[in-house]
Amino acid sequence: MVFNIIYLVFQILYIAIIARVLIALLLNLQPELKRNQNKIWKSFLKVVYEITEPILAPIRAWNPITISGFDFSPLFAFLILRVIHIFLIRLLGFALL
C-alpha cells in the first residue's frame, strides 16, 4: 500500500514536469497561447505550475545556467526525484522486512 502511494506521487510529479516542459515548448512555438483566455487552459497551466514550481525554483536558484534559452532544471529535477524515489523504496523495503 505504501509503495503504491509513493509510486503514484512520483508518477504525478514526473508527468507534471513533462507537461511543464511541453507547455514551455508550446508557448515558445505559439506565443499567442500566452494570450489565450480559455478557462480550462488557464486552470491546467495553474495546476501544472503549482505542482512543479516548488521543485524547479530551488534547482534554478542553485543552477541558473541556461544554454540558448534551454532550462536544464527539469532534467535535474528528474534525476533528483528519481534518486529520492529509489531511496524511499529501498528504505521502506528494508523497514518492512
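The values are calculated or read from the model by the stated rules, or taken from the named source; none is laboratory data. Source: prediction; values computed, not measured. Note: ideal-geometry Cβ built from the backbone for every residue, glycine included; neighbour counts use all protein chains shown.
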Checklist line | Where a residue in region 19-31 is more than 17 Å from SER43 (Cβ to Cβ) and its partner, wherever it lies, is loosely packed, with under 12 Cβ neighbours inside 10 Å and among the polar types (S, T, N, Q), with Cβ under 8 Å and at least six apart | finding: none
Check: If only one of LYS34, LYS46 is farther than 22 Å from VAL83 by Cα and modelled with pLDDT of 90 or more, which one is it?
Finding: LYS46
Note to self: Can you tell me which of (1) within 30 Å of PHE3 (Cβ to Cβ); (2) exposed (fewer than 10 other Cβ atoms within 10 Å of the Cβ) is the one ARG90 doesn't meet?
What the structure shows: (2)
Next item on the list: Please specify each residue of region 49-76 satisfying the condition of being of a type in the set (Ser, Thr, Tyr) and either modelled with pLDDT of 90 or more or surrounded by 16 or more Cβ atoms within 10 Å (Cβ to Cβ) (or both).
Entry: TYR49, THR52, SER73
